[in-house]
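A short reminder: the numbers here are calculations on the coordinates, not readings from a lab. The structure presented is a predicted model; accordingly, all values stated were derived computationally and were not measured. Virtual Cβ from ideal backbone geometry, glycine too; neighbours counted across all protein chains shown.
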Amino acid sequence: MRFTFPLVAIGLEASMIALFQFFVEYEADQNIAQQLNTTRPTKMDSFLQLYPLFQDVHVMIFVGFGFLMTFLKKYGFSSVGFNLLIAALGLQWGTIAQGLLHSQGQKFHIGIKEMINADFSTATVLISFGAVLGKTSPIQMLIMTILEIAAFAANEFLVAEIFMASDVGASMTIHAFGAYFGLTVAGILYRSGLREEHKNEESVYHSDLFAMIGTLFLWIFWPSFNSAIAEAGDHQYKAIVNTYFSLAACVLTAYAMSSLVMHRGKLNMVHIQNATLAGGVAVGTCADMDIQPYVAMIIGSIAGLVSVLGYKYLTPFFATTLRIHDTCGVHNLHGLPGLIGGLSSIVVIALGVSNMSTVAMQAAALGSSIGTAVAGGVVTGLILKIPCWEHPSNEYCYDDSVYWEVPKWREDDIHSHKDEDQKQLEPQV
Amino acid sequence: MRFTFPLVAIGLEASMIALFQFFVEYEADQNIAQQLNTTRPTKMDSFLQLYPLFQDVHVMIFVGFGFLMTFLKKYGFSSVGFNLLIAALGLQWGTIAQGLLHSQGQKFHIGIKEMINADFSTATVLISFGAVLGKTSPIQMLIMTILEIAAFAANEFLVAEIFMASDVGASMTIHAFGAYFGLTVAGILYRSGLREEHKNEESVYHSDLFAMIGTLFLWIFWPSFNSAIAEAGDHQYKAIVNTYFSLAACVLTAYAMSSLVMHRGKLNMVHIQNATLAGGVAVGTCADMDIQPYVAMIIGSIAGLVSVLGYKYLTPFFATTLRIHDTCGVHNLHGLPGLIGGLSSIVVIALGVSNMSTVAMQAAALGSSIGTAVAGGVVTGLILKIPCWEHPSNEYCYDDSVYWEVPKWREDDIHSHKDEDQKQLEPQV
Amino acid sequence: MRFTFPLVAIGLEASMIALFQFFVEYEADQNIAQQLNTTRPTKMDSFLQLYPLFQDVHVMIFVGFGFLMTFLKKYGFSSVGFNLLIAALGLQWGTIAQGLLHSQGQKFHIGIKEMINADFSTATVLISFGAVLGKTSPIQMLIMTILEIAAFAANEFLVAEIFMASDVGASMTIHAFGAYFGLTVAGILYRSGLREEHKNEESVYHSDLFAMIGTLFLWIFWPSFNSAIAEAGDHQYKAIVNTYFSLAACVLTAYAMSSLVMHRGKLNMVHIQNATLAGGVAVGTCADMDIQPYVAMIIGSIAGLVSVLGYKYLTPFFATTLRIHDTCGVHNLHGLPGLIGGLSSIVVIALGVSNMSTVAMQAAALGSSIGTAVAGGVVTGLILKIPCWEHPSNEYCYDDSVYWEVPKWREDDIHSHKDEDQKQLEPQV
């Protein structure tokens, strides 16, 4: 950490500035509009019209994802802090990576859609971050940000421009992609020393409340996420309405299932924090299609139900049998619901409800998203495993004190801040 | 809790899906607009224009109400979690109940006003939830959601379509209605075993800070609440401006009164969390009228003052003499200020400042709102009292551990998580 | 506190109501627009178009500034509570002060720009509040609100109307002004009894997480702050884009520097909470100029770097040598980055990149902002030093229990609520 991290961070920022200097320009169409004295809405008009939706997405990325991961009792600083760091780098690099691909290497303009897509591209990394939360260092996360967004941009280009598939809420290209990328990395970085229950891998009462801040802002603004890049007018409207009702339905089934699968019928905070959001993911691909609200509600209901079952049965199975430890359970919040999203779109198109794409192209998009994610995750995982990057020792996993000056007083342990720094970091073996 | 709760929740969600299938359709006017190539703003245009106001209201419902109730030291999970559950059911049922009434039983369309009204209808239940907070079970709250929104929709129809009264910010139809409905239910569910001060009915330092998250988001977005369904243009503008200044004035008098009535002039967090919002409630009915900003400020000032006095003197009187225990003091935040709102509109119209309605119709609306609330509250309270529904035993009131898996560590009591589950729930007697 | 505070608060509110009655009117142009049946956007149209940006700023003022200051372990109620009190008074008085200056003493209209400017004027006081946090009483803060906003309005009038300088994001008129005003007041109120490290002047784990709520909402909505009063169209667009990328760049350098200057390369929460925002301040003056995104990123990078260095080296120097104790380090978040903002604009204009103003006028604006701040701070500081105003005794600085009923249980000290009230307040000597 001593010098590597500052140098990597400053080097990356300097590179971003250089890339922006060469490739990024302002929009210019407002001048044209003024010359023509036209009343047709210009890009500048739509900028301000979409800006509130962009800001909703922005809140989801920084407050939503950031606080959602603060549920661990000793890892709140890292959750919300590294979330900010990853997203700040990611939105710059995402702008470049997506811009260059779509402009085929030419200079390109920054409009509101580019800003929304920049935020979107960070979401994939933040999802993957959830899978490896507490077991990696900030340098590893900066490297993952660069690699994952490159893979994301390539897959997104393939899905949108080559397959011309429909995925307005990005169930496949962001959620499934981010989840399977993160799970692959987690699998490669698996340490058998963390197999047993870790003393730090639990919440305290108030850390669970902090996490609910994240949950609620994600839940509230998800209709904006799913509609932000939809075609203006009817499609955007449908994406908002379908997501709104899918999420509401999902809450009911998530609560019901949580109570059903838990000891004595009690609710589990992990389920409530995460599974209530699965409806937003699962309705994403079909969100702007003419599916009717009640179908959106069916999709949401199924997602809430499947997500809780995933937390209860799949996560332990992954951790023990598959040797993939998924700290936040991103498979249940993003992976499975992302699959449901892709599959729903195939069913909807096969039934002739929508003709926005074809069954084959939707299947190709789903396959490509998962394939690229796994391939990208393997490469990234292997690079992150190179011993030159530090990572926290087993004992100090899920513990802010490795990377942060931590106040003397923490809820769970008055004596948590012993001078044991030398034990905390070790080179990987 | 074991099976009743999951079955009720899933049954309700299935019913919602069925009702949506039969009655709910998308808006369709955008096609017409495209055919006509018109520049007249269509419903789709106004959808995106009102969407930011809808999202403000959405934040108020889920973050605002949810966190406002987290002040209790051991009841944060339930406050924010059941708030989400109630609102998710409520917005589906509110869509149906209001839609069917206004369409007279026909299929109806979902636009942005319908989504705003769906959120509004949940607000009534969340207000009533505040009165019975900590003393009821989630099943009881699901039942209350269904019954209360039915009563709300009936009264709202009466007020808006029959009396044609003016209540843009819903001081009468939401705030007074929700408060008196909740107080009536609380009165019927009164338990003398809870008469004495309960060991759990208090805050800890950080639970009061969590509650301030709720307060601030409610305070900030209240101008959107009061203007969201106002007539576009001048009325909407006035509703925003009047609410903005009423709330600002209310803060000053609430702080002054809190210091004045407390021991040694110290401020009380309960007053600050709640009474600073009374100005938003009280100006609601007159918000879009031509009352001038300084009159809005007078209304806000009075509301802040009355609300603090209510917390200091009325709440204890209600609890002891009237045998109505009001956990969050909703009477002071919603009841009294709602009355002030209705009465203000009567004065404003009687003085000829506005001709948006008549004195008689405003009085009828106020009477109808309170009457329907009390009648609906009596019916609901009696149904909730049926012994088949569980509710927390006196000892475990205001305690999450009855319904939630709670982490070992909680601020106020390291040993709070004893294995005493069998004592927690009891059938009502 | 007993009677002075309530009387001052109510007296101020009564004065505000009187001033509003004499000077404030609604906008009226919507009627004209209707008569003309014009398609030209009217003020009412732009009202609703700018309203989401206003609400973003509103969140920054009340949640952003409020929670940013909750990092102190025992001063969360006061931070978020007095922030609300100051801002509620400030927005009323700011409306009057700015309105009267621009209308030259005539009646004036309230539109969305006036509401945004009212929120802006409160920001100066909240910045200064950060410098004296924990060492002053609420009455002193009410007085400072009145005096500082008067000085702010005078300087803003000078900068905008006389110098016609360009400062769209108010780096000079709000941030530098607020910081140097606050530092001057802090210098005059300096107490040598507080020279040594105070036992309360530190955070606990969860107070640092509460502060991150403030940081993130400030960070997210800063593009709205810098663009809210920009000229519609191209300028507003550029202000948003430049601020977005400046902030992202700032995060990388702030993290890098924090790790570089701290013991063993660990990150410091104070730096992350504050220095990540410096890019928003520093790009403010140039935000709507044609500087290209990569230049905005350079400005942001420098600001993040300088801000962390300020926290590490300047704040201790100020406290010991200059006898200016700056509780929140507002010099590093607002003062230095505000200077960078003003100087950037001078460089940008000198290089001919923008012709929105002249070098001389920008320099005059910067000089005027700092000069007025220091002069206003001297007068305010001396008035606040008059012994009739109470202030907390040295021992009870940074402690809510002087002004608030505090729950028995607080993280850091189970026995913090002793009955020692008589020691807490003392007249100034």
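Taking every DSSP beta bridge that has both ends in the protein assembly as shown, the antiparallel portion is near 45%. Return the whole-Å distance between the Cα centroid of the range B:258-310 and the Cα centroid of the range C:214-232. Each part's Cα centre sits 29 Å from the other's. Across identical copies of the chain, A:ARG264 has label-point separations of 4.1, 4.1 nm, listed in ascending order, with the point defined 7 angstrom from Cα along Cα→Cβ.
Can you give the longest stretch of chain B with no exposed loop site, where a site means trypsin sites (Lys or Arg not before Pro) in a DSSP loop (not H, G, I, E or B) with at most 15 other C-beta atoms within 10 Å?
The longest such stretch corresponds to B:200-322.
Could you state the angle between the C-alpha long axis of helix C:112-132 and the longest principal axis of the C-alpha atoms of chain C, as a value from 0 to 90 degrees rounded to the nearest 10? Roughly 30 degrees between the two axes.
The distance between label points at A:ALA375 and A:GLU197 comes to 4.2 nm (points 7 Å beyond Cα on the Cα→Cβ vector). Each residue of the range C:78-84 is assigned a 3J(HN,Hα), and the resulting list reads 5, 4, 7, x, 6, 4, 5 Hz, derived from the Karplus form 6.51 cos²θ - 1.76 cosθ + 1.60 (θ = phi - 60°), x at Gly and Pro. Amide H contacts of A:HIS391: A:GLU426, A:GLN428, each under 5 Å away and 5 or more positions distant or on a separate chain (H built 1.01 Å from N in the peptide plane; Pro and chain starts excluded). For the range B:107-229, the Cα gyration tensor yields ellipsoid semi-axes of 29, 20, 13 Å (square root of five times each eigenvalue, largest first, whole Å). Against chain C, whose longest principal axis is taken from its Cα atoms, helix C:336-350 shows a tilt of about 20°.
Rank A:HIS58, A:HIS206, A:HIS175 by mean-square fluctuation in a GNM of chain A with C-alpha springs under 10 angstrom and give only the top-ranked residue. Top of the fluctuation ranking is A:HIS206.
A Förster radius of 41 Å, combined with the Cβ-Cβ distance separating B:SER354 from B:ALA18, puts the computed FRET efficiency at roughly 0.40. When chain C is turned onto chain B, its residue with the beta carbon nearest the axis, and that distance in whole angstrom, is C:PRO52, 2.
Taking Lys and Arg as +1 and Asp and Glu as -1, the other residues whose beta-carbon sits under 11 Å from that of A:LEU133 total -1. Between copies, the label points at B:GLU161 (set 7 angstrom from Cα along Cα-to-Cβ) are spaced 5.3, 5.3 nm, reported in nanometres from shortest to longest.
Across the range A:398-404, computed HN-Hα scalar couplings (Karplus, 6.51 cos²θ - 1.76 cosθ + 1.60, θ = phi - 60°) run 6, 9, 4, 5, 5, 10, 10 Hz from first to last residue, x flagging Gly and Pro.
Between the range A:53-120 and the range A:124-163, the alpha-carbon centres lie 11 Å apart.
The distance from the alpha carbon centre of the range B:345-402 to that of the range C:1-16 is 34 Å, rounded to a whole number. Show me, bin by bin at 10 Å from 0, the whole-percent P(r) of the range B:223-269 based on Cα pairs. Here the calculated profile for the range B:223-269 is 27, 30, 22, 17, 4. Once the GluC sites (Glu not before Pro) in DSSP loops with at most 14 neighbouring Cβ atoms within 10 Å are cut out of chain B, the longest remaining piece is B:1-195. Shape analysis of the range A:53-111 based on the Cα gyration tensor places the equivalent ellipsoid semi-axes at 30, 12, 7 Å, largest first.
Over all pairs of different C-alpha atoms, the range A:261-418 has a mean inverse distance whose reciprocal, the Kirkwood radius, equals 18.7 Å.
Can you tell me, using C-alpha contacts under 8 Å and at least 6 residues apart, the relative contact order of the range B:249-372 as a whole percent? The normalised contact order for the range B:249-372 reaches 27 percent. So for chain C, considering every pair of alpha-carbon atoms, how many percent are separated by more than 43 Å? Above the 43 Å cut-off, chain C has 11 percent of its Cα pairs.
Please work out the Kirkwood hydrodynamic radius for the range C:314-364, using every pair of different C-alpha atoms, and report it in angstroms with one decimal place. One over the average 1/r among Cα pairs gives 12.6 Å for the range C:314-364.
With R₀ fixed at 35 Å, the C-beta to C-beta distance from C:MET164 to A:LYS113 puts the FRET efficiency at about 0.50. Inter-chain neighbour count for C:386-393: the average number of beta-carbon atoms from partner chains within 10 Å of each residue's beta-carbon is 0. Over the range A:337-394, the reciprocal of the mean inverse Cα-Cα separation, the Kirkwood hydrodynamic radius, stands at 13.8 Å. Each copy carries a label point for A:PHE22 at 7 Å from Cα along the beta-carbon vector; from one copy to the others these points are 6.5, 6.5 nm apart, nearest first. Among A:PRO223, A:PRO387, A:PRO138, the residue with the largest mean-square fluctuation in a Gaussian network model of chain A, with springs joining Cα atoms closer than 10 Å, is A:PRO387.
Which residue, C:ILE127, C:ILE386, C:ILE229, tops the fluctuation ranking in a GNM of chain C built on C-alpha contacts under 10 Å? Fluctuation is largest for C:ILE386.
For the protein assembly as shown, the alpha-carbon radius of gyration amounts to 0.85 times the rule-of-thumb value 2.2 N^0.38 Å expected for a compact globular protein. Using a Debye calculation, one point per C-alpha and no hydration shell, please list log10 I(q)/I(0) for the range B:155-303 at q = 0.13, 0.14, 0.17 Å⁻¹ in order. Log10 of I(q)/I(0), two decimals: -0.70, -0.79, -1.04.
The alpha carbon convex hull volume per residue for the range C:62-172 rounds to 100 Å³. In units of the rule-of-thumb radius 2.2 N^0.38 Å, the range C:228-340 shows an alpha carbon radius of gyration of 1.12. Here is the tail figure for the range B:83-127: Cα pairs spaced more than 16 Å apart come to 31 percent of all pairs. If each Cα of the range B:182-231 is one equal point scatterer, what is log10 of I(q)/I(0) from the Debye formula at q = 0.21, 0.31, 0.32 Å⁻¹? Values returned for q = 0.21, 0.31, 0.32 Å⁻¹ are -0.88, -1.04, -1.06.
Take each residue in C:240-248, count the other chain C-beta atoms within 10 Å of its C-beta, and the mean is 6.
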